[in-house]
Amino acid sequence: MLPTDPRTERLIEAGTPAFWRAIAALIVGAICTCSIMYAVQPILPVFARTFHVSPATSSLALSDTLAVIAVGLLAAGLLSDIRGRVSIMRWSVLASALITMVTALAPSWPWLLAARAVVALALCGFPAAAMAYIGEEFTPGAGALAMGLYVAGTAAGGMLGRITTGILTDLWSWRVALGLLGSASLASGLAFSWLLPSSRRFTPHAPAVSDLLHTVRRQASDPGLLALFGIGFVLLGTYMSIFNYVEFRLVEAPYRLNTSALGLLYVINLGGMASSAWAGHLAGRKGPQTVLWLMLCVMVGGIVVTLAHPLWLIIAGLIVMSSGFLGAHTIVAAWVGRRAGHAKAIAASLYLFAFYTGAGILGTLAGLVWTAGGWLAIVGATCAVLLLAIGLAVSMQPLSADSVAETTA
């Protein structure tokens, strides 16, 4: 009997054992990498006190990580075209866990920032390869569901990492928190490496520089992809701006929340996790364009609610904002993959480059806004930027009927 060519094997279909094993692996990997990525967010006020830096400077512990990831994603996407999606994801998860354990030993603020930058270089391989893996290995319908569940896993990772470091910092110290987080992520990374099915549809290739530049130019000339990249830039940038500085608001009077409470604040991402899967399903019925701009409007509404003074209303606004963010991200990420055609890895890398660059730039600029005008200024600035994203979403030419069906079937 002749051996089966792996490139001709069937794509992974929803509901099959291969589907659930791949989903379990992708969720575990997303939890590991995103918990490491966002773990420092609830302890930014602790960094400010410990290292005697300003709130804007302390935010660099997160924003410089995201900025490095943005740049590294471009190389990571190309490397995954050469070495394969699975190997890059495994290396990314395990290396970032090990380096996080070392980060806990940083003796000074510059050393901490440098260590976080190295962590970022390790992290960047996972998201670029994961998006390409989903686009290649799953049927269109299963891929839309897989993307929603994967994004839910990223939300769960961000939530668990923040809660863990918040509570452990209150119990012991931020060093113990990061050390234990790195250890747990290493164990989970080993489970991920065992669970993830091998690629069946991947063909390794090393594109010539001229071919790569041609592909980038072609994608950069597509108004639809440019609009999606622009929306991605705004999405994480506004999300990080809100959460970075709501913490500084809530540690002050009259709230005076401690680090554990700030970490538990991210339980609100549970609502966002549900919205990511729901948004992917709704996009299949109503079309991605309509659901996208609605999710962006939900973000604006949630941010406006945080202007209220009662703590429960602030939390309610954050829940609404988080749900809109993750729903929009799910739709844009899936739409990029389908619109890009065969060059999925490059398109995914360009989208994630814009996504994390927005977090680095807008998250840092928000520090200046906070210093100048406090929470009211933060709300005004983030809503203004989101209105630009809504304009992009509304003005986008929808995909053809066939493409929409293929994206969300």
Quiz item: How about segment 172-216: which of its residues are modelled with pLDDT of 90 or more and over 25 Å from Trp111 (Cα atoms)?
Solution: Ala187, Ser188, Gly189, Leu190, Ala191, Phe192, Ser193, Trp194, Leu195, Leu196
Exercise. Test Val28 against the criterion of being in contact with a Ser or Thr (Cβ under 9 Å, 6 or more places away or on another chain), surrounded by 17 or more Cβ atoms within 10 Å (Cβ to Cβ), at pLDDT 95 or above and hydrophobic (A, V, I, L, M, F, W, C), and give yes or no.
Key: yes
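Residues checked against (1) modelled with pLDDT under 85; (2) part of a helix (DSSP H, G or I); (3) crowded, with 21+ Cβ neighbours inside 10 Å:
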residue: Leu228; (1), (2), (3): no, yes, yes
residue: Val234; (1), (2), (3): no, yes, yes
residue: Thr238; (1), (2), (3): no, yes, yes
residue: Ser241; (1), (2), (3): no, yes, yes
residue: Tyr245; (1), (2), (3): no, yes, yes
residue: Arg249; (1), (2), (3): no, yes, no
residue: Gly272; (1), (2), (3): yes, yes, yes
residue: Ala283; (1), (2), (3): yes, yes, yes
Quiz item: Restricting the search to segment 39-70, which residues are in a helix (DSSP H, G or I), hydrophobic (A, V, I, L, M, F, W, C), over 21 Å from Thr238 (Cβ atoms) and in contact (Cβ under 8 Å) with a residue 24 or more places away in the chain?
Solution: Ile43, Val46, Phe47
Quiz item: Given the conditions (1) surrounded by 22 or more Cβ atoms within 10 Å (Cβ to Cβ); (2) more than 30 Å from Thr215 (Cβ to Cβ); (3) at pLDDT below 95, which single one is not true for Gly337?
Solution: (2)
Quiz item: Just checking, which of Thr164, Thr154, Thr169 is touching a Cys at 6+ places or on another chain (Cβ under 9 Å), among the hydroxyl-bearing types (Ser, Thr, Tyr) and part of a helix (DSSP H, G or I)?
Solution: Thr154
Quiz item: Scanning segment 378-409 for residues that are surrounded by 15 or more Cβ atoms within 10 Å (Cβ to Cβ) and over 21 Å from Gly324 (Cβ atoms), which turns out modelled with the lowest pLDDT?
Solution: Val404
Quiz item: Do you know which of the residues in segment 172-204 that are more than 26 Å from Ala132 (Cα to Cα) and over 24 Å from the mean Cα position of the chain (by Cα) is surrounded by the fewest Cβ atoms within 10 Å (Cβ to Cβ)?
Solution: Trp172
Quiz item: If we scan segment 360-371, do we find a residue that is part of a helix (DSSP H, G or I), within 21 Å of Arg162 (Cα to Cα), modelled with pLDDT of 90 or more and touching a helix residue (DSSP H, G or I) at 6+ places or on another chain (Cβ under 7 Å)?
Solution: yes
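The values are calculated or read from the model by the stated rules, or taken from the named source; none is laboratory data. Source: prediction; values computed, not measured. So basically every Cβ, Gly included, is an ideal-geometry build from the backbone, and we count neighbours across all protein chains shown.
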